[in-house]
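Written out below as structure tokens is the structure these notes cover.
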Amino acid sequence: MQGNLVLLSELQPKGHNYVIHVRISRMWEHTGTSEKNDIKHLDLVLIDEKGTSIYAEIPPNAIPTCKSHLQEGKIVYMGKITVEKAKQYFKVVEHPYMIRLNKFTVIMEANTYPENFPKYTFSLTPFSNLTQYLRSKEKFLDVIGKIVAISNAANVYSSSGDLITRRITKLQDLSGNVLELSLGGKRALEFDGDEVLRVGQQNHIIAIFVGTLMKGYKEDQQFLGGTSACCWYINEKDIPEIKAFQKRACTIDNHNVKLEDNTFTCTKQGCTNSKFDWKYKIPFIATDGTYTLEFMQYDFMQTPAEVLAYIGHKFTFIVKVLYKSIDAPEPSFEVVVIKEKFGKQPILPKSEVYQVLSMGSTSSTLALHENLPPLIPIGSKTSDHQVTQPIKEIENMDLDEEIGNTKQV
Ligand SMILES: [Zn+2]
């Protein structure tokens with residue numbers, strides 16, 4: 001292919017004769033307000049080997065020549081593309097520019113698939129920050145959470161009077177906040193709810209949803225909406241954020257559990273316990289009145305009430321600095337042991353961060369979806385914590401590389 005091979009970070013609107021080497025991370029049809037409309041453009045999210053991502057758009061007259069070369073997950077070379085300023089609304093990824101394909105665009109599948117070529121791109125927004133994007137057209141939102149409930153897909157009337165298929169899931173973040181996510185149209189049918197429910201009976205379902213928008217009518221009726229631009233990654237072991245969402249811990253002493261010779265063993269010297277429990281990563285903020293720091297404690301997911309009850313208590317912690325935050329201006333710590341508990345303090349050291357912590361969980365917006373079948377809660381795993389083998393669509397949450405097959409997307 002002729003042209004200058006460049007990275008996505010090197011693209012300039014006036015530049016031409018570019019060739020890019022990218023993976024097609026996402027692809028969806030944009031039909032405007034209703035899926036029954038004619039396709040307005042075919043949309044792509046592309047990632048290069050450095051992990052830079054960009055939005056690309058294919059106008060209807062170029063779809064016939066381009067589409068057959070395009071498939072999510074494929075790595076391709078593209079030439080004869082145009083680079084423009086990014087749109088100001090509904091940004092999918094952060095990039096000052098976007099790519100427009102045309103009927104002369106040349107697309108060739110790469111003949112090698114380097115193992116470390118990035119697959120996914122997202123910028124996670126914490127649940128507590130979502131409210132500021134209510135009805136915002138600025139950008140699409142990406143979130144991570146544990147799926148704690150799911151409904152069947154059902155046909156309901158939208159606010160504009162159209163009959164639309166919807167499926168509701170409930171996501172829980174690391175602080176226990178629960179958020180509703182409503183998939184609409186084709187995406188509601190494509191989401192394999194039965195499979196999620198089945199795997200969810202025995203394993204955690206950790207999901208990243210990308211390309212969603214914050215919807216709602218009132219302050220207390222907010223939910224995430226996902227239509228054609230929405231996409232999800234469920235229990236994907238090659239996504240560090242999903243892997244980091246939880247870990248295994250010894251039921252006796254809380255130490256990490258490792259897989260050795262097909263059995264789980266506690267990493268504490270002398271401990272022979274092979275039983276483990278899943279633990280959530282609980283971030284919390286502590287202050288001694290002079291400085292405020294974020295801590296990380298892995299706590300059993302069955303006891304969120306206890307974790308909440310920690311707020312306002314005084315402790316002496318023995319901590320270790322989390323490696324990835326070691327160079328950060330405000331490093332995070334993992335609590336290894338609680339050395340001393342002083343109980344609830346009548347007066348807390350002054351810290352503005354407590355306001356953030358006390359915001360509480362997102363309230364349900366179920367009232368909006370009265371026509372939908374009830375949500376089916378997904379319980380935790382079985383009591384013996386046996387990990388089943390991975391199944392066809394959604395992997396169980398095997399955090400160890402040694403077991404399970406890696407799913408290619
Ligand atoms: Zn142990």
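Read-outs: derived from the displayed coordinates by stated rules, not from any lab. It should be emphasised that the depicted structure is a prediction, and the values quoted were computed from it without experimental measurement. In this analysis, Cβ positions are derived from the backbone assuming ideal geometry, glycine residues included, and neighbour counts consider all displayed protein chains.
Converting phi to 3J(HN,Hα) with the Karplus coefficients 6.51, -1.76 and 1.60 and the offset θ = phi - 60°, segment 96-109 yields x, 10, 10, 10, 10, 8, 9, 6, 9, 4, 9, 10, 10, 5 Hz in sequence order, with x at every glycine or proline. Amide H contacts of Val148 (H built 1.01 Å from N, in plane; Pro and chain starts excluded): Lys170, Leu171, Gln172 sit under 5 Å, all sequence-distant by 5 or more or on other chains. Electrostatic tally near Leu179: other residues with Cβ closer than 14 Å to its Cβ, Lys and Arg +1, Asp and Glu -1, net -1. Taking a ≥ b ≥ c as the square roots of the eigenvalues of the Cα gyration tensor, segment 44-114 is oblate, since a/c reaches 1.5 or more and a/b is not larger than b/c.
What the phi angles of segment 13-23 give under the Karplus curve with 6.51, -1.76 and 1.60, with θ = phi - 60°, is a coupling list of x, 7, x, 9, 6, 6, 10, 10, 10, 9, 9 Hz, glycine and proline written as x. For the cross-link pairs Lys91/Lys237; Lys119/Lys243; Lys186/Lys215; Lys74/Lys119; Lys67/Lys103; Lys36/Lys186, the ones whose C-alpha atoms lie over 21 Å apart are Lys91/Lys237. Whose amide H sits under 5 Å from the amide H of His204, counting only residues 5 or more places off or on another chain, with H placed in the peptide plane? Under 5 Å from the amide H of His204 lie the amide H atoms of Met397, each far enough along the sequence or on another chain.
Phi-derived couplings, Karplus 6.51 cos²θ - 1.76 cosθ + 1.60 at θ = phi - 60°, listed residue by residue for segment 45-54: 10, 10, 10, 9, 5, 7, x, 6, 10, 8 Hz, with x used for Gly and Pro.
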